[in-house]
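The values are calculated or read from the model by the stated rules, or taken from the named source; none is laboratory data. Keep in mind that this is a model prediction, so the values were computed, not measured. Note that each Cβ is placed from the backbone with ideal geometry, even for glycine, and that neighbours are counted across all protein chains shown. Ligands, DNA and RNA are stripped out before the accessible areas are found, and what is left, the full protein with its side chains, is counted by its heavy atoms. Shrake-Rupley method; radii C 1.70, N 1.55, O 1.52, S 1.80 Å.
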Amino acid sequence: VYSEASKVLSGDTLAVLLSNRAAGLLMVGAYDAAADDCQRAILQVKMPRGREAFSNDGGLLLKIKLYTRLGRARLKLGDHSAASKAFQDAKKTSDVALAFSKENHDGEMYRQNHDAVSQMVVDAEMGLTDSKRLGDARDKLADCTDGVEKNDRGKLAEALGQLNIALSIASGSLSLTERKVALLAQMKRWREVTGFCERLAAFNAGLDGVFTEDLASKSPFPGVPSTK
């Protein structure tokens, strides 16, 4: 667990372990816990020193990866502003990494580092694009508010469309999830409400047993015992 590992492992080693766990948490949908691991890992990463200190297992490349992973987790939670900041931090760290490699490496080593960083920049830029899409969908959804309150069928349909776009990016957003259920109920689309809630329940069942030890505080169902 993190509290014990932090006492005996070096900074970059602990950061790698947290990064790997964050990747697993992202895959199963434990987005808040994944974001927390990324933030803790970023604080552990050490700056590289000398020609040999440029590796995927630590230093600047690991930091770029962590910022991008943090952005993805925040995006899944629906926080496009925090996600955008994380992706921007990834790009800024990429600039630092390339400057470091240019100063300390030459020839094939620099080209390899440049290619690795460039791919990471592409990933961060894709994240920024998704952040903008989520922000745009939220803005358009807000524009439908009056029509939704007045039960305007056209606005209701438009709002549902924007909600679906937003949830395709931010599937872990509790506020967007609640809003979709409420909107479907307002539209009296009961079969869709049932199907959506069943899928949500099945997804949450997959998180059973994940939030143990130092992750217990991140459980979305506090007080509910695990069956595993």
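Along each principal axis of its Cα atoms, how long is the stretch 73-193 end to end? Whole angstroms, biggest number first, please.
Result for the stretch 73-193: principal-axis Cα extents of 65, 25, 18 Å.
Under unit Cβ charges (Lys, Arg +1; Asp, Glu -1), what dipole magnitude, rounded to 20 debye, does the stretch 25-165 have relative to its Cα centre?
180
Quickly rank 203-210, 109-116 as a protection proxy: mean count of other C-beta atoms within 10 Å, highest first. Show your work: numbers first, answer last.
Working: 203-210: 12.6, 109-116: 14.8.
By packing density, highest mean first, the sequence is 109-116, 203-210.
If I take R0 = 35 Å and measure r between the Cβ atoms of M126 and D208 in this structure, what FRET efficiency does the formula 1/(1 + (r/R0)^6) give, to the nearest 0.05?
0.65
Tell me the Kirkwood radius of the chain: reciprocal of the mean inverse pair distance over distinct alpha-carbon atoms, in Å.
Evaluated over the chain, this radius sits at 19.5 Å.
Give the lysines whose C-alpha is closer than 17 Å to that of K85, dropping any in the same chain fewer than 8 places away, or say none.
Counting by Cα, and skipping residues close in sequence, K85 has these lysines nearby: K63, K65, K76, K132.
Just want to confirm a number: the relative contact order over the chain, from Cα pairs under 8 angstrom separated by 6+ residues, in percent.
17
Using Cα springs under 10 Å in a Gaussian network model of the chain, which residue among D12, D146, D89 shows the largest mean-square fluctuation?
D146
From the protein chains alone at 1.4 Å, what is the descending order of accessible area for S168, S84, S217, largest first?
S217, S168, S84
For the modelled label position 7 Å from the Cα of Q39 along Cα-to-Cβ, which residues of the stretch 68-103 have backbone nitrogen atoms closer than 18 Å?
Residues 68-90 qualify, since their backbone N sits under 18 Å from the label point.
Can you compute the modelled spin-label distance between T13 and N164, with each label point 7 Å from Cα toward Cβ, in nm?
Distance between label points: 5.1 nm.
What percentage of the solvent-accessible surface of the stretch 106-192, computed with a 1.4 Å probe over protein heavy atoms, is contributed by carbon and sulfur atoms?
51
Can you give me the Kirkwood hydrodynamic radius for the stretch 146-210, using every pair of distinct Cα atoms, in Å to one decimal?
So the Kirkwood estimate lands at 12.6 Å.
Can you compute the FRET efficiency between T145 and S118 using 1/(1 + (r/R0)^6), with r the Cβ-Cβ distance and R0 = 45 Å? Round to the nearest 0.05.
Details: r = 42 Å, r/R0 = 0.93.
Approximately 0.60, to the nearest 0.05.
At 0.36 nm per residue, and after removing the present C-alpha to C-alpha distance, how many nm does the segment from A216 to S81 gain when stretched out fully? Before the final figure, lay out the partial values.
Details: separation 135, 0.36 × 135 = 48.60 nm, distance 2.66 nm.
Contour length minus Cα-Cα distance gives 45.9 nm.
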